[in-house]
Each structure stands twice: as structure tokens, then as C-alpha cells.
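The values are calculated or read from the model by the stated rules, or taken from the named source; none is laboratory data. Everything numeric here is computed off the predicted structure, so don't read it as measured data. Glycine gets a Cβ as well: all are built from the backbone with ideal geometry, and neighbour counts include every protein chain shown. Protein only, heavy atoms only, side chains kept; ligands, DNA and RNA dropped before computing areas. Shrake-Rupley method; radii C 1.70, N 1.55, O 1.52, S 1.80 Å.
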Amino acid sequence: QASRPEFFALGEDPHEEHDRFATLSEPEREQYRAKIAALAARPALTADGEALDEELTRGIQGLGYAAFDATGGELPHPLAPSDLPAPHDMAGPWRESMVAQERFNQGRHEEAAAIWRRFLVQNPKNGFVRLQLATALMRLKLHAEAITVLEPMLADAVVQPQVHWRLGISHEKLGRRAEAIAHLEQAVALAPREQRYREKLAALKAGTSGGG
């Protein structure tokens with residue numbers, strides 16, 4: 001939940017341009033709250049599902065779903081009060097973020113990083129933007145800045161393994177082998193079935209990693 005409740009009729013308003021929360025009666029609002037609460041009470045996804053393919057797991061993690069991080073941390077309830085921006089307020093910035101992603105995919109990493117830097121100033125709690133900006137900075141070989149961008153995420157209730165992975169790689173590129181190993185060990189602990197994490201950690205410990 002954002003700083004204020006919102007309601008969009010997606011069938012009639014697929015682009016979520018008209019907030020209709022004010023038009024709902026209190027019984028109608030309570031009906032939707034009850035349904036959201038019921039969904040939130042269902043069992044979460046878990047990283048213990050051995051039936052899941054590693055590539056599928058990586059794709060889900062890439063989308064930012066923290067339920068695969070196996071940290072045991074608790075995410076806020078969807079109906080809990082929050083000071084985060086309302087999704088509707090962020091529609092414009094989100095579209096521009098997709099432009100940044102397009103620039104990144106085209107190899108225009110400086111342009112992408114510039115957009116994501118601006119968004120991060122506007123909303124420092126946006127973990128998705130932090131991860132994307134850090135990745136762009138790493139492509140630009142600005143590993144010290146990437147570390148600065150990522151380190152605040154270590155204080156999150158749920159730390160994604162990708163955070164430790166990127167920190168480990170950046171520290172390795174800066175010649176900080178001990179720090180790199182420490183972060184990669186955390187990444188492996190959080191996502192033990194992620195092969196590239198295990199292989200990179202083993203290579204670093206064996207001194208055969210090509211980074212640095």
C-alpha cells in the first residue's frame with residue numbers, strides 16, 4: 001500500500017489514469033481490503049522448491065521478487081500504512097525508467113545510468129532502480145560508485161542475493177578479495193542453487209577468478 005489508497009478499474013482504464021477510490025462506498029472498500037488480506041495470508045513462494053528450474057528461478061529473481069531470497073525476513077503487509085509514493089504518481093517516472101532499460105539494452109549505459117540516478121534521488125527506497133543503476137555503473141567500470149549505490153540495500157528487511165552478487169563482483173574488480181568473498185558467500189547462502197554464484201565463489205577462493 002502506498003501513502004494513500006487507490007482504486008483503478010482495469011477493464012475500463014487499463015493505463016490506470018483515473019483513481020476511483022473516492023467513488024467507492026466504505027462497504028465496497030472493506031470488501032477489497034478483505035480480499036487483499038486473504039491473498040496476503042496465502043503461503044509465499046519459497047526457494048526450497050527443488051522442482052523449479054534454475055533458469056526460471058533466476059528469471060523470477062531478476063524481476064525482483066524477494067520471496068525467492070530465503071532470508072526469512074518479513075515484508076510489510078500490503079495493507080500496512082506506508083510513506084512510499086503511490087503507484088499512479090510514479091507512472092510517468094516508470095515509463096521513463098523503461099526508456100532507461102531500453103538504452104541499457106542498446107549498450108548506452110551512460111544514458112541509462114543518468115536516468116536511474118535521477119530517479120534514485122527522487123525515491124531512494126526504490127530497490128529496483130538501485131539494482132539497475134548499479135548494473136549500469138558496473139558496465140561502465142564505475143565499481144566504487146556501484147558499491148555506494150548498493151550498500152544501503154544491506155539494511156533492508158529482505159536482502160536480495162543479487163545485491164551481494166553485485167557487491168562481490170564490484171569489490172573483486174577493485175582488488176578487494178576478502179570483501180568479494182564475504183559478499184559472494186552471502187549470495188550463495190541466500191540462493192544456494194544459483195550455479196554462477198557458487199562457481200564464482202569457488203574460483204575466487206581458489207585464486208582462479210578472471211576478475212580484478
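For segment 145-173, a residue qualifies if it is surrounded by fewer than 20 Cβ atoms within 10 Å (Cβ to Cβ) and of a type in the set (S, T, N, Q), and exactly one does: 148. Exactly one residue out of 198, 139 is open to solvent by 20 Å² or more (accessible area, probe 1.4 Å), out of contact with any Gly (no Cβ under 7 Å at 6 or more places or on another chain) and without any contact (Cβ under 8 Å) to a residue 24 or more places away in the chain: that is 198. Residue pairs whose Cβ atoms lie under 6 Å apart, separated by 6 or more positions or on different chains, with the first residue in segment 152-167 and among the small types (Gly, Ala, Ser) and the second open to solvent by 20 Å² or more (accessible area, probe 1.4 Å), are 157/73. Residue pairs whose Cβ atoms lie under 7 Å apart, separated by 6 or more positions or on different chains, with the first residue in segment 108-131 and under 15 Å from residue 145 (Cα atoms) and the second open to solvent by 30 Å² or more (accessible area, probe 1.4 Å) and in a loop (DSSP other than H, G, I, E, B), are 109/140; 110/140; 113/140; 120/126. Scanning segment 155-183 for residues that are closer than 27 Å to residue 105 by Cα, among the aliphatic types (A, V, I, L, M) and under 18 Å from the mean Cα position of the chain (by Cα) yields 159, 163, 167, 169.
Highlighted here are the helices (runs of 4 or more DSSP H) found entirely within segment 125-212 that include at least 3 residues which are among the β-branched types (Val, Ile, Thr): 143-150.
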